[in-house]
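Chemist: Just passing along the structure, written as structure tokens.
The values are calculated or read from the model by the stated rules, or taken from the named source; none is laboratory data. Remember, predicted model here, so these are calculated numbers, not experimental data. Positions of Cβ are backbone-derived with ideal geometry, glycine not excepted, and every protein chain shown enters the neighbour counts.
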Amino acid sequence: MLGSVKLRGGGVLRSTLLKWKRSLESQLAEIDGAAAEEFAAAEYRDPFDTDLLREDQTLDATMRGIATRYPGRPLIAYGSRIAGSADPHSDIDMLALEYDGNAAPIQETVTVRGVEVDLTRVGINALIKGIKGRSRNNNNWFLSALRQCCIYGDRDGDARRLRSLAVSVWEQGPPALTPRQLRLGRGALLRLQDSTKKLVARAGDSSEAAKLARMRCDQLVTHSIYQFYCARRRWTTSLHRLLRSCRSDFPEFYALWLEYVRSEGAAEAFGVAKHMVEAVHEGVFPAAIARADSGEPASPPSSFSPQPPQNTPQILLANLHKITHIRRTMVP
């Protein structure tokens with residue numbers, strides 16, 4: 001339309017009109033491009049993604065905002081916002097697939113319309129490697145994030161293929177533990193129980209000793225929960241989400257957890273923690289030893305580690321704070 005406009009005159013007026021015409025043409029092109037982007041994004045949405053974005057307007061607006069910053073990249077939202085466990089303080093976790101499939105992860109925090117987004121820009125090959133790779137204590141972050149996610153702007157279907165792969169690997173389950181791994185895990189758990197017993201015996205010496213004893217009980221319980229799932233060939237995830245699934249997957253074991261939450265004092269907490277330790281290999285450990293004694297081939301190796309699920313003091317301390325907070329919030 002603007003191409004048919006004839007500009008008459010000369011000098012300053014003609015120059016001003018030409019600038020105005022070019023500016024208007026540029027704005028119209030941007031509008032057309034944005035409309036095309038929106039059409040393409042809508043065209044390649046799965047019904048699950050469409051329904052979720054329709055229900056969560058904040059998530060929808062945030063993904064649109066990220067799409068304008070990184071045009072053409074498939075976006076994957078995951079975490080508590082997608083799982084339905086977000087609280088008012090939760091941020092939005094998101095992946096942006098880079099054009100370079102081998103691109104290393106780059107993490108950044110961005111704010112879109114007042115919403116904080118933890119964004120990771122990464123190549124698709126790194127995600128595939130993470131989904132198929134071994135994970136410590138069956139806690140595969142890639143599976144947890146991608147099997148339950150929301151996808152936006154996936155023209156070529158790369159993000160949807162990632163989600164399908166994650167769901168498939170999750171349904172297959174992790175490799176079974178070998179009898180040797182079960183023995184090592186049980187031994188590590190019993191050693192942790194013995195050291196906890198010593199701290200509990202000194203809990204009456206001071207308030208500091210009582211606090212340390214309770215923290216060690218928390219560590220023993222956390223370790224027991226992860227080993228319980230690993231011994232039964234189950235994937236794990238963050239402690240909070242693992243406990244939610246435990247409620248329906250293993251109600252008797254979850255009942256022990258509730259008893260632990262309501263316990264008062266280090267001695268009572270340690271008594272419940274010992275029952276949780278006993279339950280970890282109940283019905284699993286003797287059968288594995290019997291198979292080993294009979295010469296039956298061992299199960300495929302797994303990446304299970306007899307050590308606690310987090311291997312740095314800072315992360316372990318953070319987990320202990322979380323479990324303490326969970327206990328306090330669940331006490332009637």
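Chemist: Based on this model, can you work out whether ALA159 counts as part of a helix (DSSP H, G or I) and in the same structural domain as ALA61 (by TED's automatic domain parsing)? Give the steps one after another, and end with the answer.
Modeler: Details: part of a helix (DSSP H, G or I): yes; in the same structural domain as ALA61 (by TED's automatic domain parsing): yes.
The answer is yes for ALA159.
Chemist: Can you tell me which of (1) part of a helix (DSSP H, G or I); (2) modelled with pLDDT under 50 is the one PRO300 doesn't meet?
Modeler: (1)
Chemist: Among the residues of region 94-125, which ones are among the aliphatic types (A, V, I, L, M) and surrounded by fewer than 18 Cβ atoms within 10 Å (Cβ to Cβ)?
Modeler: Correct list: ALA103, ALA104, ILE106, VAL110, VAL115.
Chemist: If you don't mind, another one. Taking the condition of being hydrophobic (A, V, I, L, M, F, W, C), in a helix (DSSP H, G or I) and surrounded by 18 or more Cβ atoms within 10 Å (Cβ to Cβ), how many residues in region 187-210 meet it?
Modeler: At the first step, the residues of region 187-210 found to be hydrophobic (A, V, I, L, M, F, W, C) are 188-190, 192, 199-201, 203, 209-210.
Of the ones still in play, those that are also in a helix (DSSP H, G or I) are 188-190, 192, 199-201, 209-210.
With surrounded by 18 or more Cβ atoms within 10 Å (Cβ to Cβ) added as a condition, the list becomes 189, 192, 199-200, 210.
Final tally of qualifying residues: 5.
Chemist: Another question, if that's okay. Quick test for you: out of ASP87, ASP32, ASP49, ASP60, pick the one residue that is out of contact with any strand residue (DSSP E or B) (no Cβ under 9 Å at 6 or more places or on another chain) and at pLDDT 70 or above. It would help to see each step written out before you state the result.
Modeler: Working: ASP32 fails: at pLDDT 70 or above; ASP49 fails: out of contact with any strand residue (DSSP E or B) (no Cβ under 9 Å at 6 or more places or on another chain); ASP60 fails: out of contact with any strand residue (DSSP E or B) (no Cβ under 9 Å at 6 or more places or on another chain).
After applying the criteria, what remains is ASP87.
Chemist: Turning to a different aspect of this structure: Can you pull out the residues in region 233-270 that are assigned to a loop (DSSP other than H, G, I, E, B) and free of Cβ contacts under 8 Å to residues at least 12 places away in the same chain? Before you say what the answer is, go through the steps one by one.
Modeler: Pass one, region 233-270, residues assigned to a loop (DSSP other than H, G, I, E, B): 233-238, 250, 263-264.
Within region 233-270, SER263, GLU264 qualify.
Chemist: Can you tell me which condition PRO71 does not meet? The list is (1) at pLDDT 85 or above; (2) assigned to a helix (DSSP H, G or I); (3) farther than 22 Å from SER164 by Cα; (4) not polar (S, T, N, Q), and all the others hold.
Modeler: Exception for PRO71: condition (2).
Matching residues to (1) within 26 Å of LYS211 (Cβ to Cβ); (2) of a type in the set (Asp, Glu); (3) crowded, with 17+ Cβ neighbours inside 10 Å:
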position: TRP235; (1), (2), (3): no, no, yes
position: LEU243; (1), (2), (3): yes, no, yes
position: LEU256; (1), (2), (3): yes, no, yes
position: ARG262; (1), (2), (3): yes, no, no
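Residues are listed down the side, and each one gets a yes or a no for (1) crowded, with 19+ Cβ neighbours inside 10 Å; (2) modelled with pLDDT under 90:
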site: LYS129; (1), (2): no, no
site: ASN137; (1), (2): yes, yes
site: PHE142; (1), (2): yes, no
site: ASP158; (1), (2): no, no
site: SER164; (1), (2): no, no
site: SER168; (1), (2): no, no
site: GLY185; (1), (2): yes, no
